[in-house]
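Please treat every number below as a calculation from the coordinates, not as lab data. This is a predicted model, so every value here is computed, not measured. Cβ sites come from the backbone with ideal geometry, for glycine too, and all protein chains shown count toward neighbours.
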There are 2 protein chains.
Amino acid sequence: MKKLEKKLSAEPINFDSFFSEKAMLMKASEVRELLKLVETSDVISLAGGLPAPETFPVETIKKIAVEVLEEHADKALQYGTTKGFTPLRLALARWMEKRYDIPMSKVEIMTVAGSQQALDLIGRVFLNPGDPIVVEAPTYLAAIQAFKYYDPEFISIPLDDKGMRVDLLEEKLEELRKQGKRVKIVYTVSTFQNPAGVTMSVDRRKKLLELANEYDFLIVEDGPYSELRYSGEPTPPIKHFDDYGRVIYLGTFSKILAPGFRIGWVAAHPHLIRKMEIAKQSIDLCTNTFGQAIAWKYVENGYLDEHIPKIIEFYKPRRDAMLEALEEYMPEGVEWTKPEGGMFVWVTLPEGIDTKLMMERAVAKGVAYVPGEAFFVHRDKKNTMRLNFTYVPEETIREGVRRLAETIKEEMKRVKG
Amino acid sequence: MKKLEKKLSAEPINFDSFFSEKAMLMKASEVRELLKLVETSDVISLAGGLPAPETFPVETIKKIAVEVLEEHADKALQYGTTKGFTPLRLALARWMEKRYDIPMSKVEIMTVAGSQQALDLIGRVFLNPGDPIVVEAPTYLAAIQAFKYYDPEFISIPLDDKGMRVDLLEEKLEELRKQGKRVKIVYTVSTFQNPAGVTMSVDRRKKLLELANEYDFLIVEDGPYSELRYSGEPTPPIKHFDDYGRVIYLGTFSKILAPGFRIGWVAAHPHLIRKMEIAKQSIDLCTNTFGQAIAWKYVENGYLDEHIPKIIEFYKPRRDAMLEALEEYMPEGVEWTKPEGGMFVWVTLPEGIDTKLMMERAVAKGVAYVPGEAFFVHRDKKNTMRLNFTYVPEETIREGVRRLAETIKEEMKRVKG
């Protein structure tokens, strides 16, 4: 092969001049950038959001993968329909009926490339620029990123130990109604919230649904951690109470099988699924079929139900270790949530401490966390942080919390002094 | 679990009232809807765009999948970086250097969820509403769909047997320049085009690059069929001639491994890749890692290079059968392309015949095709169709073409009479 004979103009290309206005505004996720730094050092990272690889059911996956290739290669390796691999969709519908008492007849299921894709699709399908969307304060960082592209007006409603302050939401809805504004979507990570670890109480779930009917909005219920309960009583998803199709439920295999398959699902009213399906056609044609076929056998043959207790058994001591260490090491004035499940504890430091500025000193002491600011759409809380307890072993968690407490004590002195 | 005690208002929900303006404009792909109809009958379908499952290297995939799970489960089942699984990115860079003489030092590679995702990302990263984008006439249907969401001004440039009429493009660029408009992107399926089957000549490739420098645009070169050459001399990709980073090359494993993994890649200047990477973060976090790990071993261990000749050997007789049958059965006045590779033949009927209207009668005779109209952004050509020759066996292709020729003959009479 010969190179182009006629020499092309050697002027440097101004690549930035090609980007769309929206692309010029896009920023890399701070957390992802931060994690890159931490990865390369010997810092104890409580910053990540990764499941522990020890929880991946590797032998089961191997068995299933071979079965899928021996029995279903033609379909599992081919393009699939946009709505998803039908046997998996059916298996999930049955599983949700059995597990959450959500009647199969009331929902349609579409599979997606991880629930992150569902968040992007929700932005695409529902949000006009300027549309008000309600999120929790704090809320899932990547949901902010996904919705932000569609340029909505973010309304954030504070959380407490019982989840979203639905009373404050009601006030806000009333206020917006008076302004002639309509909220279309309320987004909640209802159970073992990311980042706060809290779970919305049953009363609030019911109240939220009542408000949805009264103020005519849809609820997007993101449930990635729902199965990871280490203590306390099970809380049914909001979708369980939803008689009319107000709730779009997002599920994922990332925490109950493995994230590497990128398989999530949406369970919602067929009318909504139909539009999301059309939107997905032009985005990626279909979700990876091979992963869907594996997920299908995993659910259908009962491996999922067998495996969930093992994940819980693995994570519970880590959650306990973190709560114990916080109790043991943290100085007066520091508060934290006591999650009954999930992956995260949310820590609030005394006012005046900026966890983003403190990060450098924490890393110098050999521990990393995620500064809380980025979890607030208005970036108005500087004194919070998210800690993860699923990725590193108990002893490391304890030592990490000890180092963190030391950093915080010094920071408290610094701020006072 | 108890149902919500306080009965919710039973008013029906007006789901349409929730959709964004753009969502209200979204339509299902006609071709996909059409294929659904055909699937259920015993019609010979020359309409699809699927690779033959017989070409999937199932045994190799099984071997690799087990290896990946035994040796790399921790990484292959975990979240990955947005840019892609590094060993795969490196393997692809080496493979493109060896195969196309594209220096590794000049490109960065990002993996995507099939090249369809790259098309959506390109729209997201480059297109403001109203931005002119050049596509071929006809062009890849799903590219129209992907770009359309971003509301550009489509400029379509006709094809002939040597690919895009670059001379007409030059005229158009000059005209637009006078109007003060700048084309940012020229999109081409350069080799064995979908739907037309034609390949852009080397002279035109070079000329296109010259124009890109002169008029300051980027070329998106979509290369899904590049490896499937059944006759004639290899044509280097436009990217091969690109010394300055004007070309964004899109590759995919869908036709050289299997579509079910949904693994594609983008090879482009690092500055462009960086922005696409940030855009992808909020869309799906990362491409499925398990599929990427399998694709990695497939390239790295030489299975890909071993397998390509087998796919060619399998498809060549089908291509030949279709061209022979067209020669044998088609009446005077019908023209078609003679592809040296790929999956499609493009047929042009006499003016006055509308292939969309004819479809029903073709199906009644037991054959289906894709009416050409949807491949034109302005939908201004009614007398064309796309035929696929990869999915059904030779004898079936011959019989399909015979039935089609019969339909066309009757249609010609009907139109004349």
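Descriptive notes on the structure:
- Averaged over the residues of peptide A:223-232, the number of Cβ atoms from other protein chains lying within 10 Å of each residue's Cβ is 0.
- Dipole magnitude for segment A:79-301: computed about the Cα centre from +1 point charges on Lys and Arg Cβ and -1 point charges on Asp and Glu Cβ, it is near 580 debye.
- Residues listed by number, segment B:380-394, amide nitrogen under 16 Å from B:E335 label point at 7 Å toward C-beta: B:381-386
- Counting from the shortest, the label point at B:K162, 7 Å from Cα toward Cβ, is 7.7 nm from the same position in each remaining copy.
- Cα gyration tensor shape for chain B, rounded if a/c is under 1.5, else prolate or oblate: rounded
- Length-normalised contact order of segment B:79-301 in % [C-alpha pairs under 8 Å, at least 6 apart]: 30 percent
- Dipole-positive endmost among B:S254, B:I157, B:G180 within segment B:79-301 (Cβ charges, Cα centre): B:S254
- Partner chain coverage, peptide B:143-151 - average Cβ within 10 angstrom: 2
- Charge dipole magnitude, Cβ of K and R +1, D and E -1 - segment A:185-322, Cα centre, debye nearest 20: 300 debye
- Across peptide B:55-62, the average count of Cβ atoms from other chains found within 10 Å of a residue's Cβ is 4.
- 12 Å beta-carbon shell around A:A137, net charge (K/R +1, D/E -1): 0
- Cα shape, segment B:175-320, gyration tensor, a/c 1.5 rule: oblate
- Spin-label model distance (nm) - A:D320 vs B:E71, 7 Å beyond Cα toward Cβ: 3.9 nm
- Highest mean packing first, where packing is the average number of other Cβ atoms within 10 Å per residue, the peptides A:220-229, A:396-405 line up as A:220-229, A:396-405.
- Between A:Q193 and A:V198, A:T199, the built amide H atoms are under 5 Å apart, and every one of these is 5 or more places off in sequence or on another chain.
- Shortest first, B:E360 label-point distances to identical copies amount to 7.4 nm, with the label point at 7 Å from Cα along Cα→Cβ.
- J(HN,Hα) series, segment B:254-262, from Karplus relation 6.51 cos²θ - 1.76 cosθ + 1.60, nearest Hz, glycine and proline x: 4, 9, 10, 9, 5, x, x, 7, 6
- Ranked packing of B:275-281, A:137-143, most packed first, by mean Cβ within 10 Å: A:137-143, B:275-281
- Burial order of peptide ranges A:116-124, A:200-208, A:57-65 (average beta-carbon count within 10 Å, highest first): A:116-124, A:200-208, A:57-65
- Beyond 20 Å in Cα-Cα separation lie the following of the pairs B:K239/B:K280; A:K106/A:K148; A:K382/A:K413; B:K356/B:K409: B:K239/B:K280; A:K106/A:K148.
- Under Karplus coefficients 6.51, -1.76 and 1.60, residue-wise ³J(HN,Hα) of segment B:241-253 in Hz, glycine/proline x: 8, 8, 7, 10, x, 7, 9, 9, 9, 10, x, 8, 8
- Scalar couplings 3J(HN,Hα) for segment A:323-337, obtained by applying the Karplus form with A = 6.51, B = -1.76, C = 1.60 to θ = phi - 60°, are 5, 5, 5, 4, 4, 6, 9, 6, x, 3, x, 9, 10, 8, 7 Hz; x denotes Gly and Pro.
- Listed residues B:L209, A:T82, A:C286: farthest to the positive end of the dipole of the protein assembly as shown (Cβ charges): B:L209
- Database remark: amide H of A:E153 closer than 5 angstrom to the amide H of A:G130, A:D131, A:I133 (H placed geometrically; neighbours at sequence offset of 5 or more, or on other chains; Pro and chain starts carry no H).
- For segment B:28-155, the Cβ-based charge dipole about the Cα centre amounts to some 400 debye (Lys, Arg positive; Asp, Glu negative; other atoms uncharged).
- Nonlocal amide H pairs with B:L218, under 5 Å, H built at 1.01 Å: B:I185, B:V186
- Going by neighbour counts of Cβ atoms within 10 Å, the residues A:W265, A:W346 line up, fewest first, as A:W346, A:W265.
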